[in-house]
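Notes to accompany the following structure.
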Protein chains: 2
Amino acid sequence: MVRTILAVMLCALFACGVGAQAQQSLNLMPLPAKVQMGSGQLLIGPTFSVSIAGRHEARLDRAVEIFLGQFGRQIGMPPIDMQVADSANATLVIQAAGGTKGVQEPGEDESYRLDISNSGAKLNAPSTLGVMRGLQTFLQLVQTTGAGFAVPAVLIEDSPRFAWRGLMIDVGRHFIPLDVLRRNLDGMAAVKLNVFHWHLSENQGFRIESKKFPKLQGTGSDGLYYTQDEVRGVIAYARERGIRVVPEFDMPGHATAWFVGYPELASGSGPYQIERQWGVFDPAMDPTREETYKFLDAFIGEMAGLFPDQFFHIGGDEVNGREWDANPKIQAFMRAHDLKDNNDLQAYFNQRVQKIVAKHGKTMLGWDEILRPGLPRSIVIQSWRGPDSLAQAAKQGYRGLLSSGYYVDLMWSAERHYSTEPLSGAASSLTPEEQKRILGGEACMWAEYVSPENIDSRIWPRTAAIAERLWSPQDVRDVNSMYQRLSVVSDWLDGFGLTHNSSYAPMLRRIAGTNDIAALKVLADVLEPVKDYTREETAPAPATSASPLNRVVDAVRPESATARQFADAVNELVGGTPKPGSEARIRKWLSGWRDKQVELQPQNVKSLLLKEVTPISQNLSALGAAGLAALDYLDRGEPAPAPWVAAQLALVEQASKPQAQLLIMVAPSVGRLIQASAGQPAPSPLPAK
Amino acid sequence: MVRTILAVMLCALFACGVGAQAQQSLNLMPLPAKVQMGSGQLLIGPTFSVSIAGRHEARLDRAVEIFLGQFGRQIGMPPIDMQVADSANATLVIQAAGGTKGVQEPGEDESYRLDISNSGAKLNAPSTLGVMRGLQTFLQLVQTTGAGFAVPAVLIEDSPRFAWRGLMIDVGRHFIPLDVLRRNLDGMAAVKLNVFHWHLSENQGFRIESKKFPKLQGTGSDGLYYTQDEVRGVIAYARERGIRVVPEFDMPGHATAWFVGYPELASGSGPYQIERQWGVFDPAMDPTREETYKFLDAFIGEMAGLFPDQFFHIGGDEVNGREWDANPKIQAFMRAHDLKDNNDLQAYFNQRVQKIVAKHGKTMLGWDEILRPGLPRSIVIQSWRGPDSLAQAAKQGYRGLLSSGYYVDLMWSAERHYSTEPLSGAASSLTPEEQKRILGGEACMWAEYVSPENIDSRIWPRTAAIAERLWSPQDVRDVNSMYQRLSVVSDWLDGFGLTHNSSYAPMLRRIAGTNDIAALKVLADVLEPVKDYTREETAPAPATSASPLNRVVDAVRPESATARQFADAVNELVGGTPKPGSEARIRKWLSGWRDKQVELQPQNVKSLLLKEVTPISQNLSALGAAGLAALDYLDRGEPAPAPWVAAQLALVEQASKPQAQLLIMVAPSVGRLIQASAGQPAPSPLPAK
């Protein structure tokens, strides 16, 4: 315990050192625990070489090979000239003191020390995992300079704050092909995430081949599933990148797709169809029949053999209990076994399943709901409820993971995810021993509204901010620095094949039905999808898994960079601390919105997909005009007339409402300008234009 | 024969019909043989369905499955709702009268008939191949409309002009990974190309696993080769898309990589190293030793088993003969066998190899040089020399393919490739029977200067213009129409994962070392790499296979669309036929060039890769200023003073010279403006600004 506290304190000290200099000059994400800038830089010239000194293992060799491929792609160099040799004279000398375990475990040492001078670089780590993390840092350090590519002279000593840093991808609601998974694994490794949580079964699809129960995928997947060979391939791919793969099979609810082929597992009478809509559904496994456990024993045994990871996720969330309530045999069973309510019944089910999971050598993991008396302390709770729920589990001796606050499908800003701290709320007052039970967290990509085309843009770049929260010292929390680095990292992630940036223009072109998307892009750049679960609530008709995902709401980014920059500029201006040229920039934005939308109107008749954003486009145009008029008042030093102000604020209010499941994110900032023009005193004089 | 002529004549008639209407409204490439517009359109609504009526075969089912995946991606619809059923009531009913051959052959029927009304679509074809081609046409017909996605009512009757429409990719000089090959196969299928010619061995690398001679890839590839399983995967992938795979093993020259592991094959004394530079090298197989043929017999036998295609390419180009000249045993052999010169010796070698190829059931294919007396009429000549050489071969009874004029590595314009006609020159006066021997042509992607990052941008979109030349009727040759459609098709090809568009900005960002590439893009948009073999000739130091391919010359497009549009506008203006607003557009371009480059100068000190384009950037800025001044003279109706004109034309001349292996493609058009300003009479008055 003492050691943990000391580590945190040291990290805090080091992080202060990071803040001042490194955050400005180095675009690292996650920020390392300790960065000490040297002087000069190491040029990456034609004689650049890499060697592995000392201990070898296949995984280390492969990690270096992957690094060289990525490094070559990053700087545009063919791979062949990068010879890996055993030499202490190479430009970059890599040394791992120890190997890694046959199956990666949470808490395995991921620390590394990267020492770069103008004559060479040394990467030392206790294990191959640390080398992997350090190599990603090296890639992020590569800069373009007047003398060629270079890495700055720097000493980095780094290790993660949390041992479990995950990304969950739901492949049940929409099937996500292998190539998309692979590029996301690359992205995960790039920002030092180490757990891929594969949500493999859902009401809408059972996505993995079972050889024992082939009707699971045969009738429950629309033919969209991974073969076991493919799964092994993903696991191997992840392992090469220092990433564990934790499978999730959600039970007893969220399991309709299982029942299409095996209705006898369910508590209702069937027959069952794959669910096509979204939500919580009635079907649930029958916890009272021994055959259910016999089936699960065989199935979990099969999957436990396929997935080497120690942890096995059984879901366990959102059982509405209706099928249980409606089944007299189940009711009789509950009475006979003194199970007072459905929670008790689910706890009974979980105890049985936990024994099966344990029998197959695995540790059970599940969502908040599984935390009920009677389960051993070995299980791990993944919290979608929040740090308080996590703290409660920790107090009872359970290990836990935070996912509340990290749901990237909710379309929150990176800042909001970034500010979500696992050790906050009730967790901040846990004892050190209890805090240690909080293993980390996971970003969650629930897949109601994602396709292979836009899933990357929902995961990235915001997940990089979550990765920093989980890796970097707790006091690394400068939001401006985060955004500045996130923008660089986002472009860097393009190099791993991720399409969060590149898919945007093609989607807008499809919507516009033309290559000329200049006007649409001006609009889309300031829009965001509605937040939280509003998309369901505001849908004109219920969405299904067959609904096209080709609308403006599917194309726009979860977070508008333009809106953030505009808000910053407006805040500076009305707060009296404008930067040089900021009013000119604000005027340029506003007039762009006012004028450019005029071009979009004639296009709208040519594209159905554009029609629903016509009113939004008109609102943006009006907001631009209103903002410009407000600036004119401000510049003349003359308060805007009250009736005008009221009319404009009404416009802002109307424009701020969701429309076509979209939000105009610049509306509130235009509102601030209008309020300022009404004569709110500015703290210091407005600058000349 | 009569049938052939009739077909050509009919095509010509139909093509006239195409020109007027379809070229305007339909962005099809290649243009079909016959297009008859109907009225109305077929909406692609939520109930859109596809069925296969009549005859099934696995390849047809798979073709439809691939189509549905692509169709879903194109319009943003999840795949699950696209059920394929046996129904005559589906929206799109597909029927193939016959199946396809186990091994696809050149000349197999690829025709199809696509009949779309506002109530449904029927695709009929004699074989699965025709269905594949018709489905691509269907995808190209999908439009965005005010009522949703739709295809226009149209009757298309289509078939290819040439049976052999290929793309050669050289994977020897730079290894090209499988995923890049696969996406290029998708692109090929999209524009109805049907042969992937896989240039698998070169001086710089032997790229395929031989189980019989493992040192070929073991020592000759730097570890960069395809396993036989991977090759089988590529062949299967291609077959699913109606594409044949023809392997090429270049011999007796271009074969240094073979000799690293098997020096006894060569005519010199060895040892040999993989070549790292570009050019024609001395090493060549020893045609005089029986062991050479024993080796080739075993090797060709192994490869003939792996590649099902009927044709087997033995290269045969560019043997400089130096090793033969220097080897007394070879000289003695030549005297003994009455072989007068090295050409005779190579002909002897080819005869021997041809017998081996034939023994393994294959038809030999080779470059121009193999055409020498003594080879059977069954072989096929691929001409890098031109239509005359092809015509000569056809007169002698040989079948041939045109590749001269289709070398996409030479950085020619799409127009120049498009104007290359296989049946031109001496070939135009061949008898119909002789013309029939000209099977088609192949675009060739030689790989000295391509990487996985930029190869797509060298192949696409220009290869689509070559595909049209080889598929569409001979009189489809309206260059403006081609460019207009090519631009749409280029963006459409993004949807197949090709990166010819998406790789541009990341490459520019790397060069600039910043995300702010606005100024660099203005420059790069008007640059092209030097043409033909000038890149070698103007290299400051010889390039090698390890040279980085990250320079501006590697990022800019082979053909500048901006330069073409600017040239068109200038030609209209000085020709006296300007369109409304064209002077304003010209001024906007010119002032952008003049002003924007100022921003680039300070960036140059931060990036070595930018430094070499600094003088080009300055030239572009000066050209912009000169063009604007010329316009001012024109607008005032006052001839520019002669000394000024002379000075500006000197600037244009200087700016037109290659620098950093780049050309400023707008320089000649600025020159035209300056000449016009000097008082050349314009045919009609210049418009007011």
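Can you find a residue that is over 24 Å from residue A:173 (Cβ atoms), away from every other protein chain (no Cβ under 14 Å) and open to solvent by less than 30 Å² (accessible area, probe 1.4 Å) anywhere in the range A:479-494? Yes, the conditions are met somewhere in the range A:479-494.
Given the condition farther than 21 Å from residue A:471 by Cα and either in contact with a Leu (Cβ under 6 Å, 6 or more places away or on another chain) or not charged (D, E, K, R) (or both), answer yes or no: does some residue in the range A:109-117 qualify? Among the residues of the range A:109-117, at least one is farther than 21 Å from residue A:471 by Cα and either in contact with a Leu (Cβ under 6 Å, 6 or more places away or on another chain) or not charged (D, E, K, R) (or both), which makes the answer yes. In the range A:271-287, is there at least one residue being out of contact with any Ser or Thr (no Cβ under 9 Å at 6 or more places or on another chain), within 28 Å of residue A:62 (Cβ to Cβ) and open to solvent by 10 Å² or more (accessible area, probe 1.4 Å)? No. Only one of the listed residues (B:552, B:570, B:605) is over 20 Å from residue B:506 (Cβ atoms), of a type in the set (A, V, I, L, M, F, W, C) and within 14 Å of chain A (Cβ to nearest Cβ). That residue is B:605. Annotation: residue A:557 fulfils all but one of (1) within 14 Å of chain B (Cβ to nearest Cβ); (2) in contact with a Pro (Cβ under 9 Å, 6 or more places away or on another chain); the unmet one is (1).
Residue pairs whose Cβ atoms lie under 9 Å apart, separated by 6 or more positions or on different chains, with the first residue in the range B:625-654 and at positive phi and the second in a helix (DSSP H, G or I) and surrounded by fewer than 18 Cβ atoms within 10 Å (Cβ to Cβ), do not occur.
Of the residues making up the range B:514-534, those that are touching a residue at least 40 places away in the same chain (Cβ under 8 Å), farther than 16 Å from residue B:451 by Cα and buried (at least 18 other Cβ atoms within 10 Å of the Cβ) number 8. Remark: pairs (first residue in the range A:664-680, open to solvent by 50 Å² or more (accessible area, probe 1.4 Å); second residue among the acidic types (Asp, Glu); Cβ separation under 9 Å; 6+ apart in sequence or on different chains) = A:665/A:528; A:665/A:559.
Would the range A:136-144 turn up any residue that is touching an Asp or Glu at 6+ places or on another chain (Cβ under 8 Å) and within 19 Å of residue A:488 (Cβ to Cβ)? Write out each step before concluding.
Pass one, the range A:136-144, residues touching an Asp or Glu at 6+ places or on another chain (Cβ under 8 Å): A:137.
Subsequent filtering for residues that are within 19 Å of residue A:488 (Cβ to Cβ) retains A:137.
Taking every residue of the range A:136-144 in turn, at least one turns out to be touching an Asp or Glu at 6+ places or on another chain (Cβ under 8 Å) and within 19 Å of residue A:488 (Cβ to Cβ).
Within the option set A:559, A:528, A:536, being in contact with a helix residue (DSSP H, G or I) (Cβ under 7 Å, 6 or more places away or on another chain) and of a type in the set (D, E, K, R) holds for one residue only, A:559.
Taking the options A:377, A:352, A:322, A:385, name whichever one is under 26 Å from the mean Cα position of the chain (by Cα) and open to solvent by 20 Å² or more (accessible area, probe 1.4 Å). After applying the criteria, what remains is A:385.
Per the listing A:493, A:508, the residue uniquely assigned to a helix (DSSP H, G or I), of a type outside the set (Lys, Arg) and within 19 Å of residue A:526 (Cα to Cα) is A:508. If the requirement is being within 28 Å of residue A:147 (Cβ to Cβ), outside any loop (DSSP other than H, G, I, E, B) and out of contact with any Lys or Arg (no Cβ under 6 Å at 6 or more places or on another chain), which of these qualifies: B:535, B:485? After ruling out the rest, the residue left standing is B:535. Which of the residues spanning the range B:496-513 are more than 7 Å from chain A (Cβ to nearest Cβ), open to solvent by 10 Å² or more (accessible area, probe 1.4 Å) and touching a helix residue (DSSP H, G or I) at 6+ places or on another chain (Cβ under 7 Å)? Result: B:496, B:497, B:499, B:501, B:503, B:504.
Would you mind finding the one in B:461, B:432 that is over 14 Å from residue B:170 (Cα atoms), within 14 Å of another protein chain (Cβ to nearest Cβ), open to solvent by 30 Å² or more (accessible area, probe 1.4 Å) and not hydrophobic (A, V, I, L, M, F, W, C)? It would help to see each step written out before you state the result.
Working: B:432 fails: within 14 Å of another protein chain (Cβ to nearest Cβ).
The match here is B:461.
The single condition among (1) in contact (Cβ under 8 Å) with a residue 60 or more places away in the chain; (2) over 30 Å from residue B:500 (Cα atoms); (3) assigned to a loop (DSSP other than H, G, I, E, B) that residue B:449 does not meet is (2).
So which strands (runs of 3 or more DSSP E) stay within the range B:46-155 end to end and still have 1 or more residues that are within 14 Å of chain A (Cβ to nearest Cβ) and either open to solvent by less than 30 Å² (accessible area, probe 1.4 Å) or of a type in the set (Val, Ile, Thr) (or both)? Don't jump to the end; show me each part of the working.
Working: elements: B:50-53, B:92-96, B:112-117, B:120-125, B:143-145.
In the range B:46-155, the matching strands (runs of 3 or more DSSP E) lie at B:143-145.
Any chance the range A:167-183 includes a residue that's out of contact with any helix residue (DSSP H, G or I) (no Cβ under 9 Å at 6 or more places or on another chain) and either without any contact (Cβ under 8 Å) to a residue 40 or more places away in the chain or assigned to a strand (DSSP E or B) (or both)?
Going residue by residue through the range A:167-183, those that are out of contact with any helix residue (DSSP H, G or I) (no Cβ under 9 Å at 6 or more places or on another chain) are A:168, A:173, A:177.
Okay, now just the ones that are also either without any contact (Cβ under 8 Å) to a residue 40 or more places away in the chain or assigned to a strand (DSSP E or B) (or both), so A:168.
Within the range A:167-183 (the criterion being out of contact with any helix residue (DSSP H, G or I) (no Cβ under 9 Å at 6 or more places or on another chain) and either without any contact (Cβ under 8 Å) to a residue 40 or more places away in the chain or assigned to a strand (DSSP E or B) (or both)), the answer is yes, since at least one residue qualifies.
Across the range B:608-621, the qualifying residues are those that are more than 8 Å from every other protein chain (Cβ to nearest Cβ), within 32 Å of the chain's Cα centre (by Cα) and open to solvent by 20 Å² or more (accessible area, probe 1.4 Å), and the one among them that is nearest to residue A:44 (Cα to Cα) is B:612.
Taking the numbered list (1) open to solvent by less than 40 Å² (accessible area, probe 1.4 Å); (2) in a helix (DSSP H, G or I); (3) within 11 Å of another protein chain (Cβ to nearest Cβ) in turn, residue B:547 passes all entries but (2).
Does residue B:317 fit the bill of being farther than 15 Å from residue B:201 by Cα and among the acidic types (Asp, Glu)? Before the answer, list the steps.
Working: farther than 15 Å from residue B:201 by Cα: no; among the acidic types (Asp, Glu): yes.
In short, no.
Condition check for residue B:593 on (1) touching a Gly at 6+ places or on another chain (Cβ under 7 Å); (2) of a type outside the set (Asp, Glu); (3) within 14 Å of chain A (Cβ to nearest Cβ): one failure, at (3).
With the requirement that a residue be open to solvent by less than 60 Å² (accessible area, probe 1.4 Å), closer than 30 Å to residue B:635 by Cβ and assigned to a helix (DSSP H, G or I), what does the range B:553-582 give you? Quick ask: steps written out before the conclusion?
Taking the range B:553-582 and keeping what is open to solvent by less than 60 Å² (accessible area, probe 1.4 Å), we get B:553-556, B:558-563, B:566-567, B:569-570, B:572-576, B:578, B:581-582.
With the extra rule that they be closer than 30 Å to residue B:635 by Cβ, the set shrinks to B:560-563, B:566-567, B:569-570, B:572-576, B:578, B:581-582.
The answer is B:561, B:562, B:563, B:566, B:567, B:569, B:570, B:572, B:573, B:574, B:582.
Only one of the numbered conditions (1) closer than 30 Å to residue B:108 by Cα; (2) not in a loop (DSSP other than H, G, I, E, B) is violated by residue B:315, and that is (2).
Applying a threshold of 7 Å to beta carbon distances and a minimum spacing of six or more residues, or different chains, the list of pairs starting in the range B:190-212 at a residue that is under 26 Å from residue B:464 (Cβ atoms) and ending at one that is acidic (Asp, Glu) and assigned to a strand (DSSP E or B) reads B:195/B:442; B:197/B:248; B:197/B:442; B:198/B:248; B:199/B:170; B:199/B:248; B:200/B:248.
Can you say whether residue B:226 is surrounded by 17 or more Cβ atoms within 10 Å (Cβ to Cβ), under 27 Å from the mean Cα position of the chain (by Cα) and of a type in the set (Phe, Trp, Tyr), as far as the supplied structure shows? Working first, answer last.
Details: surrounded by 17 or more Cβ atoms within 10 Å (Cβ to Cβ): yes; under 27 Å from the mean Cα position of the chain (by Cα): yes; of a type in the set (Phe, Trp, Tyr): yes.
So residue B:226 fits the description; yes.
For the range A:156-177, a residue qualifies if it is within 14 Å of another protein chain (Cβ to nearest Cβ) and surrounded by fewer than 19 Cβ atoms within 10 Å (Cβ to Cβ), and exactly one does: A:177.
The values are calculated or read from the model by the stated rules, or taken from the named source; none is laboratory data. The model shown is predicted, which means the values in this text are computed figures rather than measured ones. No Cβ is skipped: glycine too gets one built from the backbone with ideal geometry, and neighbour counts run over all protein chains shown. Note: accessible area is taken over every heavy atom of the protein model, side chains too, but ligands, DNA and RNA are not part of it. Shrake-Rupley method; radii C 1.70, N 1.55, O 1.52, S 1.80 Å.
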